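Worksheet: the structure to be examined is printed underneath.
Every number in this text was worked out from the coordinates using simple rules, so none of it is lab data. Being a predicted model, the structure only gives us computed values, none of them experimental. Neighbour counts run over all protein chains shown; Cβ positions are idealised from the backbone, glycine included.
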């Protein structure tokens, strides 16, 4: 395989023998490597083959921001609990690794975020919640930092999202226009220009795509009012204000009002995308 781009010492984008752009991870794989050189096959630990039109560069950039040990932990745990379909979905593996890595950092810093969605996830996504519980136990069995049981909710939602496919191109076009409008609202509110190719904006767009799925399926997050929503509004008042404006745009464009839970999580992502540029 030939190296196309080096992202860091442990991750490169390469061209495989079948002419596909693939993402390779492995300790020291990119150290002193240059585009055009052959890949040291002995250092390759994992190969990600982007599918469904996913941009290899964007996936690789997201993956580059995750510690290799967290990628290995999640990949190994997914295989250990028999989630073969997820294991074959690079975008799903990367999303799960990103989630787990962020959760590990939060726990290490003593930041506890309670998920107000336990009952809904258990009721709506029984199989995914069971799988998430097994995945969480496997992750904790091989990690020094122990994630709380509540993280099964977040993992379950990722598993649900991994299995979604609309197949409706017109809907995709429509959502693209809505996303651009929402990004514009954020930029105008903060007086900034967001980098559409950045990891933080990529995460925000991913959240929006999953939000559209829930709206489309009439399954918005809708728990009882909790202290989490209040804490978000108090911690990120500007983001909360902008999230309400975004909710208004979505109601106009999609004909569905957002629940308080959805607006709270939208505010979290607005705060993140405007501080992690």
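Rounded to the nearest 10 degrees, the angle from helix 126-141 to the longest Cα principal axis of the chain is 50 degrees.
Rounded to two decimal places and with Rh computed the Kirkwood way over Cα pairs, what is Rg over Rh for the stretch 68-162?
On the way: Rg = 12.2 Å, Rh = 13.1 Å.
With Rh from the inverse mean 1/r over Cα pairs, Rg/Rh is 0.93.
Ellipsoid fit via the Cα gyration tensor, the chain: semi-axes of 31, 23, 18 Å, each the root of five times an eigenvalue, largest first.
Result for the chain in a Gaussian network model with C-alpha springs under 10 Å: among 267, 156, 33, the largest mean-square fluctuation is at 33. Overall dimensions of the stretch 169-275, expressed as equivalent-ellipsoid semi-axes from the Cα gyration tensor (√(5λ), whole Å, largest first), are 20, 19, 12. The packing ranking of peptides 128-141, 242-255, highest mean first, is 128-141, 242-255, where packing means the average number of other beta carbon atoms within 10 angstrom of each residue. Counting only alpha carbon atoms, the long axis of helix 90-108 and the longest principal axis of the chain meet at about 70°.
Taking the chain as a Gaussian network of alpha-carbon nodes connected by springs under 10 Å, the highest mean-square fluctuation of the residues 194, 62, 221 belongs to 194. Helix 151-162 axis versus longest C-alpha principal axis of the chain: approximately 80°, rounded to the nearest ten.
Computed over the Cα atoms of the stretch 2-56, pair by distinct pair, the Kirkwood hydrodynamic radius stands at 10.9 angstrom.
Note on the stretch 1-142: the C-alpha convex hull projects to 9.7 nm² when averaged across all orientations.
Reducing the stretch 227-267 and the stretch 1-69 to their Cα centroids gives an inter-centroid distance of 37 Å. Per residue of the chain, the DSSP helices (runs of n ≥ 4 H) give a summed -39500 (n - 2.57) that works out to -19000 deg cm²/dmol at 222 nm.
Rounded to the nearest 0.05, the FRET efficiency derived from the C-beta distance between residue 18 and residue 234 at R0 = 41 Å is 0.20.
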